[in-house]
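Participant: Okay, handing you the structure first.
The values are calculated or read from the model by the stated rules, or taken from the named source; none is laboratory data. This one's a predicted model, so the numbers in the text were calculated from it and none came from an experiment. Don't worry about glycine lacking a Cβ; one is built from the backbone with ideal geometry, like all the others, and counts go over all protein chains shown. For the accessible areas, the whole protein counts, side chains as well, though only heavy atoms, and no ligand, DNA or RNA atoms are used. Shrake-Rupley method; radii C 1.70, N 1.55, O 1.52, S 1.80 Å.
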Amino acid sequence: MPRKVTKAIFPVAGLGTRFLPATKSIPKEIMTLVDRPLIQYAIDEARAAGIKEFIFVTSRGKGALEDYFDNAPVLEQELRKKGKTELLETLKNTNMDSGAIAYIRQHKALGLGHAVWCARRLIANEPFAVILPDDVIAAEKPCLQQMVEAYEETGGSMVAAMEVAPDKAHLYGVLDLDQDMGKIVHVKGMVEKPEPGKAPSSLAVIGRYILSPKVLQNLNRIKSGAGGEIQLTDAIAREIEEGRDVYGYRFDGQRFDCGSKAGFLQATVSFALARPDLRDELAQYLHTVTEHSKAAE
Ligand code: UTP
């Protein structure tokens, strides 16, 4: 049985340019879906999958992220005094245990692969997960937990995979399939952002990975790839070239690309509609807005 996955890297050092000007002073990962920041969804998913050590790769201007995980004694005291026990509980759930969280700086945004490589000394020689907080996945069983269970059967390295339309494949890393076993696929190659019409399949990689520590060694040797960035996909593809197993996992759930404005808005509506305290009012509002825009056409 492969070694247990207890460490996760959260690369949050990107510039978040698609959300400027907001991201001039707010880290993208602190932006909220309803009332919880994106990063909280990622942390909850990691915890559900058995992750015990949380490694953030950060950059300049991400201080709000570090503050978010700190205790807030004054706020807690105030809520206790006012008897707001439910809110107090919500707040306490955001605290992280001492020593469970580590921050590493990526000094230059050289790409996702480089961000993961920055955490190499904290990973040492064990398998690890990577979670991109701007990919939010609504699922009955959290996506990383599904993957950890599958990984316990397969070992190797594993990426979350999702079917995409042919005209969208050039936006993703795309899998070249060796064997399709249903939920799990064995992969013989990966291409980052293939040219239109040249994608090897319709299965794209999204922001959840379980990786062998060898991927970190590959990252040592990788030069910049698509978009001039050091690509994680290239380091995983090298695993395959060197004869090690890489799998794609077709997860159950709906993925929202919260790094894009449209995806973020869709996630906001979806998560709000799933909330009993907001559902009816929002559904009514959406209905009215849709009727008005139809009438205006
Ligand atoms: P994105 O491709 O979404 O880039 O990164 P970005 O900088 O966050 O956003 P835009 O495109 O400028 O709007 C995917 C993930 O990889 C991290 C990001 O923080 C995000 O979680 N990343 C990317 C890094 O940590 N470092 C990098 O150099 C690049």
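Participant: Using the Karplus curve 6.51 cos²θ - 1.76 cosθ + 1.60 with θ = phi - 60°, what ³J(HN,Hα) values do you get for each residue of the range 22-28, in whole Hz, with x for Gly and Pro?
Facilitator: Once θ is set to phi - 60°, the couplings for the range 22-28 become 3, 7, 4, 10, 10, x, 3 Hz.
Participant: For the range 187-193, just list the computed ³J(HN,Hα) in residue order, Karplus coefficients 6.51, -1.76 and 1.60, θ = phi - 60°, integers in Hz, with x standing in for Gly and Pro.
Facilitator: Coupling constants for the range 187-193: 10, 10, x, 9, 10, 7, 6 Hz.
Participant: Roughly what would the spin-label model give for residue 283 and residue 86, points 7 Å off Cα along C-beta, in nm?
Facilitator: 2.0 nm
Participant: In 10 Å bins starting at 0, how do the alpha-carbon pair distances of the range 188-255 split up by percent?
Facilitator: Percent of pairs per bin, in order: 18, 51, 29, 2.
Participant: If you don't mind, another one. Under 5 Å between amide hydrogens, which residues at least 5 positions from residue 56 or on another chain qualify, with H placed 1.01 Å from N in the peptide plane?
Facilitator: It is 10, 102, 103, 104, by chain and number.
Participant: Now a separate question. Relative to the first principal axis of the alpha-carbon coordinates of the chain, what is the inclination of helix 38-48, with its axis defined by its Cα atoms, in degrees from 0 to 90 and to the nearest 10?
Facilitator: 70 degrees
Participant: Using only Cα atoms, tell me the angle between helix 232-241 and the longest principal axis of the chain; keep it within 0 to 90° and round to the nearest 10.
Facilitator: Value to nearest ten degrees: 30.
Participant: At 20 °C and a viscosity of 1.002 mPa s, what translational diffusion coefficient does Stokes-Einstein give for the chain, taking Rh as the Kirkwood radius over Cα pairs? Give it in µm²/s as a whole number.
Facilitator: Numbers: Rh = 20.4 Å.
This corresponds to a translational diffusion coefficient of 105 µm²/s.
Participant: Aspartates and glutamates within cross-link reach of residue 108: Cα-Cα under 13 Å, excluding same-chain residues under 8 positions apart?
Facilitator: Leaving aside aspartates and glutamates fewer than 8 places away in the same chain, those within reach of residue 108 are 229.
Participant: To continue, here is another question. Report the Cα centroid-to-centroid distance between the range 54-112 and the range 245-287 in angstrom, as an integer.
Facilitator: 24 Å
Participant: Then there's this: Counting Lys and Arg as +1 and Asp and Glu as -1, what is the net charge of the other residues whose Cβ lies under 12 Å from the Cβ of residue 200?
Facilitator: Working: positive: 188, 198; negative: 176, 178, 192, 195.
For residues surrounding residue 200, the net value is -2.
Participant: What does the charge count near residue 7 come to, summing +1 for each Lys or Arg and -1 for each Asp or Glu among other residues with Cβ under 9 Å from its Cβ? Provide the component values of the computation, followed by the final result.
Facilitator: Values: positive: 52; negative: 53, 126.
Summing Lys and Arg as +1 and Asp and Glu as -1 gives -1.
Participant: Pairing the Cα long axis of helix 261-273 with the longest principal axis of the chain, what angle in degrees results, from 0 to 90 and rounded to the nearest 10?
Facilitator: With both axes taken from Cα atoms, the answer is about 60 degrees.
Participant: Divide by every residue of the chain the summed helix terms, -39500 (n - 2.57) for each DSSP H run of at least 4, and state the resulting mean residue ellipticity at 222 nm, rounded to the nearest 500 deg cm²/dmol. Could you put the intermediate results ahead of the total?
Facilitator: Working: 11 runs with 105 residues, N = 297.
Computed ellipticity for the chain at 222 nm equals -10000 deg cm²/dmol.
Participant: Do any trypsin sites (Lys or Arg not before Pro) in the range 198-285 lie in a DSSP loop with no more than 16 other beta carbon atoms within 10 Å, and if so, which? Kindly include the intermediate steps, with their values, before the conclusion.
Facilitator: Values: sites: 198, 208, 214, 221, 223, 238, 244, 250, 255, 261, 279; in loops: 198, 223, 244.
Sites meeting the loop and neighbour criteria: 198, 223, 244.
Participant: Could you give log10 I(q)/I(0) at q = 0.17, 0.19, 0.20 Å⁻¹ for the range 232-297, computed by the Debye formula over C-alpha point scatterers of equal weight, without solvent?
Facilitator: The Cα Debye sum returns log10 ratios of -0.80, -0.90, -0.94.
Participant: Right, another one. How much net charge surrounds residue 47 when only the other residues with a Cβ under 12 Å from the Cβ of residue 47 are counted, with Lys and Arg +1 and Asp and Glu -1? Mind showing how you got there, number by number?
Facilitator: On the way: positive: 52; negative: 44, 45, 53, 97.
Once all neighbours under 12 Å are counted, the net charge is -3.
Participant: Another one. Below 8 Å between Cα atoms, with a sequence gap of 6+, how large is the relative contact order for the chain in percent? Write out the running numbers ahead of the final one.
Facilitator: Working: 537 pairs, mean separation 65.4, N = 297.
Computed value for the chain: 22 percent relative contact order.
Participant: At most 14 other Cβ atoms within 10 Å and a DSSP loop assignment: could you name the trypsin sites (Lys or Arg not before Pro) in the range 101-183 that fit? Intermediate results must be reported in sequence, preceding the final value.
Facilitator: Working: sites: 105, 108, 120, 121, 168, 183; in loops: 108, 183.
Here the trypsin sites (Lys or Arg not before Pro) that fit, given the DSSP loop and packing criteria, are 108, 183.
Participant: Still on this structure, please answer the following. For the chain, report the accessible area per residue in Å² (1.4 Å probe, heavy atoms, rounded to an integer). Please list the in-between numbers first.
Facilitator: Details: 15480 Å² over 297 residues.
Normalised by residue count, the accessible surface of the chain is 52 Å².
Participant: Please state, rounded to one decimal and in Å, the Kirkwood hydrodynamic radius that the range 130-202 gives when every pair of distinct Cα atoms enters the mean of 1/r.
Facilitator: On the way: mean 1/r = 0.0739 Å⁻¹.
One over the average 1/r among Cα pairs gives 13.5 Å for the range 130-202.
Participant: What list of ³J(HN,Hα) values in whole Hz, one per residue of the range 163-174 in order, does the Karplus curve 6.51 cos²θ - 1.76 cosθ + 1.60 (θ = phi - 60°) give from phi, with Gly and Pro shown as x?
Facilitator: 5, 10, 5, x, 6, 10, 4, 5, 8, 10, x, 10
Participant: Within the range 8-90, report the trypsin sites (Lys or Arg not before Pro) that DSSP leaves as loop and that have at most 16 other Cβ atoms within 10 Å. Please report the intermediate quantities before stating the final value.
Facilitator: Details: sites: 18, 24, 28, 47, 52, 60, 62, 80, 81, 82, 84; in loops: 52, 60, 62, 82, 84.
Answer in residue order: 52, 60, 82, 84.
Participant: Would you mind giving the three semi-axes, in whole Å and largest first, of the ellipsoid equivalent to the range 23-164 according to its Cα gyration tensor?
Facilitator: Working: eigenvalues 154, 78, 47 Å².
Ellipsoid half-lengths, sorted descending, are 28, 20, 15 Å.
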